[in-house]
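The values are calculated or read from the model by the stated rules, or taken from the named source; none is laboratory data. Note that the structure is a prediction, hence the values are computed from the model and not measured. Counting neighbours? That spans all protein chains shown, and the Cβs are built from the backbone with ideal geometry, glycine included. Protein only, heavy atoms only, side chains kept; ligands, DNA and RNA dropped before computing areas. Shrake-Rupley method; radii C 1.70, N 1.55, O 1.52, S 1.80 Å.
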Amino acid sequence: MVRQIATLFAKISKPKIVFYLGDHDPSGHDIERDLRHRVQSHVPTGKTFDLRRLAIFEADIQKFNLPPLRVKQSDSRAMSFLAKFSNRCVELDALPPTELRRRLRSAIEEVMDIEAWNRAVQVEQVEIASILETVSRWPTTAH
């Protein structure tokens, strides 16, 4: 799958941004690191991408009063995680869905051309109105 993603990224000339939503635990942070590294290692030079973590952050635990779990000491990545963060981890699904949607919407809107989007919406509305008006003039057939 990593090679497929890298091949796809290599074909795209526009900036590529990947939004990552993951657990705040050793594996959630390692998946982010590993994914970034493995995909980038297969993408040709100059065809980079930006990976942005949207959730979960350590600060979310207190801000949203999330139920923290203890880091599993048996996890081989635990020491690295503990050196950077506290001994509390949280699963992604603990974050309220409304907050996840807000973060995704905000991240997407931050990188999109809002004016171009609004123009496309206006064109679509005119096209739909035209289609409906044309259809409304079609004769009905009685059976």
Open item on the list: Which condition from (1) more than 26 Å from the chain's Cα centre (by Cα); (2) open to solvent by less than 80 Å² (accessible area, probe 1.4 Å) is the one that Pro139 breaks?
Closed with: (2)
Task: Residue list for the range 95-123, filter: open to solvent by less than 100 Å² (accessible area, probe 1.4 Å) and out of contact with any strand residue (DSSP E or B) (no Cβ under 9 Å at 6 or more places or on another chain) - done: Pro96, Pro97, Thr98, Glu109, Met112, Asp113, Ile114, Ala116, Asn118, Ala120, Val121, Val123
Task: Conditions (1) in contact (Cβ under 8 Å) with a residue 40 or more places away in the chain; (2) hydrophobic (A, V, I, L, M, F, W, C); (3) in contact with a helix residue (DSSP H, G or I) (Cβ under 8 Å, 6 or more places away or on another chain); number of the one not met by Leu104 - done: (3)
TODO: Show the residue pairs that are 6+ apart or on different chains and have beta-carbon atoms under 7 Å apart, the first residue being within the range 63-91 and farther than 13 Å from His24 by Cβ, the second being assigned to a loop (DSSP other than H, G, I, E, B) and modelled with pLDDT of 90 or more.
DONE: Ala78/Val71
Open item on the list: Please determine whether any residue of the range 58-70 is within 30 Å of Ser41 (Cα to Cα), surrounded by 14 or more Cβ atoms within 10 Å (Cβ to Cβ), at pLDDT below 95 and not small (Gly, Ala, Ser).
Closed with: yes
TODO: Keeping to the range 6-55, report how many residues are more than 26 Å from Asp75 (Cβ to Cβ), open to solvent by 40 Å² or more (accessible area, probe 1.4 Å) and not small (Gly, Ala, Ser).
DONE: 13
TODO: Determine whether Val18 is part of a strand (DSSP E or B) and either modelled with pLDDT under 90 or closer than 19 Å to Val111 by Cβ (or both).
DONE: yes
TODO: Working only within the range 71-80, note down all residues that are at pLDDT below 90 and in contact with a Cys (Cβ under 9 Å, 6 or more places away or on another chain).
DONE: Lys72
- [ ] For the range 41-143, please list each of the helices (runs of 4 or more DSSP H) lying entirely inside it that holds at least 3 residues being touching a His at 6+ places or on another chain (Cβ under 9 Å).
- [x] 58-63, 78-84
Open item on the list: What pairs come out if I take residues in the range 1-29 that are of a type in the set (Gly, Ala, Ser) and pair them with residues that are surrounded by fewer than 14 Cβ atoms within 10 Å (Cβ to Cβ) and in a loop (DSSP other than H, G, I, E, B) whose C-beta lies under 9 Å away, six or more apart or interchain?
Closed with: Ala6/Pro44; Ala10/Pro44
Open item on the list: List the residue pairs whose Cβ atoms are under 6 Å apart, where the first residue sits in the range 33-49 and is under 13 Å from Thr7 (Cβ atoms), the second is basic (Lys, Arg), and the two are 6 or more positions apart or on different chains.
Closed with: His42/Arg3; Phe49/Lys16
